[in-house]
Amino acid sequence: MLRLVMVTLSRPSIRLLATDIDGTLLNPQFEISEGDLAALRRAHASGIEIVLVTGRRHMFALPIAQQLGFDLWLISSNGAVTRSLRGETFHRDLMPVETCRQVCEAMQEFRGNTVLTFDKETRGAIVLEHMDELNASIRRWLEKNMEFIEFIVPIEDALVTDPVQAMFCGSTARMAQALRALEQAGLEGQVTVLRTEYPARDLSMIDVLNGGCSKGHALERWAKHRGIPREQVMAIGDNHNDVEMLAFAGHPVIMGNACEELRGHGWTLTLPNSECGVAAAVESVLDRTSIPVVGG
């Protein structure tokens, strides 16, 4: 005799969920929406590990992470530093001093757009020569970080220890010129060049890190440490610097507000950050669907 039974089909198991912060977890008001917060807490309670993966320095990302209300690890500075909320360091991928000197030498024309960052939480964690050529958006970021900023001329004099990265900030047009200069600098293999752009704010940032350093490399290293295969990793991002992370994850998800570069890969599209896109992605994993099956 045939009978109708209900079978619950679970979606692919996700054990590690990595999400970007700016443009992804943060809404256009630079806050975590209540829906996203609730979804991440629900995911954590269900046993999914959450890791924040960001271009921000660890200390600048820390207040965002602390809002989640549970313990987690941060992959910061586009993959250069992996550290817990308590300050335990798992891995650092710093740029050699001499490599950074070569970067600064090649980018003489962009000295007013240059920012060096170091892995410390005192004045001198952020170094620049002056703020005159930095646009309004990045100036606001600098003003929030003034206690960590040191002005040094020439900026190379700050290179007494390996930096986390060199960063070039400015308008989209100005940074397109900087990107071309970097491509002609002969540094292939020595550095990784990552780009983050917000066209609506006419803001572009070019991060120059140690060769082989990226969000994707750091996430892969962390997943291996946790014994989690890429098939059980979900990553959520919105910008150019998220490409390597999304390419590694078995379940890549891009925001509805994602840049055009991310849209040609066939990755899953969620809602924009103004509509709790992170929550929508998380809930697609947590929700289970029951379907009728004819049995005998």
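The values are calculated or read from the model by the stated rules, or taken from the named source; none is laboratory data. For clarity, every value in this text was computed on a predicted model and none was experimentally measured. Don't worry about glycine lacking a Cβ; one is built from the backbone with ideal geometry, like all the others, and counts go over all protein chains shown. Just the protein is used for accessible areas: all its heavy atoms, side chains included, with ligands, DNA and RNA removed. Shrake-Rupley method; radii C 1.70, N 1.55, O 1.52, S 1.80 Å.
Tell me the helices (runs of 4 or more DSSP H) entirely within region 135-245 that contain at least 1 residues that are closer than 17 Å to ALA18 by Cα, in contact with a strand residue (DSSP E or B) (Cβ under 7 Å, 6 or more places away or on another chain) and open to solvent by less than 60 Å² (accessible area, probe 1.4 Å).
215-226
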Read through the list (1) under 23 Å from SER137 (Cβ atoms); (2) part of a loop (DSSP other than H, G, I, E, B), then give the number of the only condition that LEU52 fails. (2)
Of all strands (runs of 3 or more DSSP E) completely enclosed by region 58-107, which ones contain at least 1 residues that are without any contact (Cβ under 8 Å) to a residue 12 or more places away in the chain, open to solvent by 60 Å² or more (accessible area, probe 1.4 Å) and touching a Lys or Arg at 6+ places or on another chain (Cβ under 8 Å)? 89-92
Pairs where the first residue, in region 210-227, is more than 17 Å from LEU94 (Cα to Cα) and the second is open to solvent by 10 Å² or more (accessible area, probe 1.4 Å) and among the acidic types (Asp, Glu), C-beta under 9 Å, 6+ apart: GLU220/GLU244; ARG226/GLU49
Please go through (1) out of contact with any Lys or Arg (no Cβ under 8 Å at 6 or more places or on another chain); (2) open to solvent by less than 40 Å² (accessible area, probe 1.4 Å) for GLU34 and return the number of the only condition it doesn't satisfy. (2)
Among the listed residues ILE138, ILE152, ILE126, identify the single one that is under 22 Å from MET59 (Cα atoms) and at pLDDT below 95. ILE138
Tell me yes or no: at least one residue of region 112-134 is farther than 30 Å from GLU188 by Cβ, in contact (Cβ under 8 Å) with a residue 60 or more places away in the chain and in a loop (DSSP other than H, G, I, E, B). yes
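Being among the basic types (Lys, Arg) and over 25 Å from ASN273 (Cβ atoms): is that true of ARG195 here? If you could, list the steps in order and put the result at the bottom.
Details: among the basic types (Lys, Arg): yes; over 25 Å from ASN273 (Cβ atoms): no.
Against the criterion (among the basic types (Lys, Arg) and over 25 Å from ASN273 (Cβ atoms)), ARG195 does not qualify.
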Only residues in region 239-255 that are closer than 13 Å to GLY277 by Cβ and touching a residue at least 24 places away in the same chain (Cβ under 8 Å) count as the first member; pair them with residues that are open to solvent by 30 Å² or more (accessible area, probe 1.4 Å) and among the charged types (D, E, K, R), Cβ under 7 angstrom, at least 6 apart or cross-chain, and list the lot. none
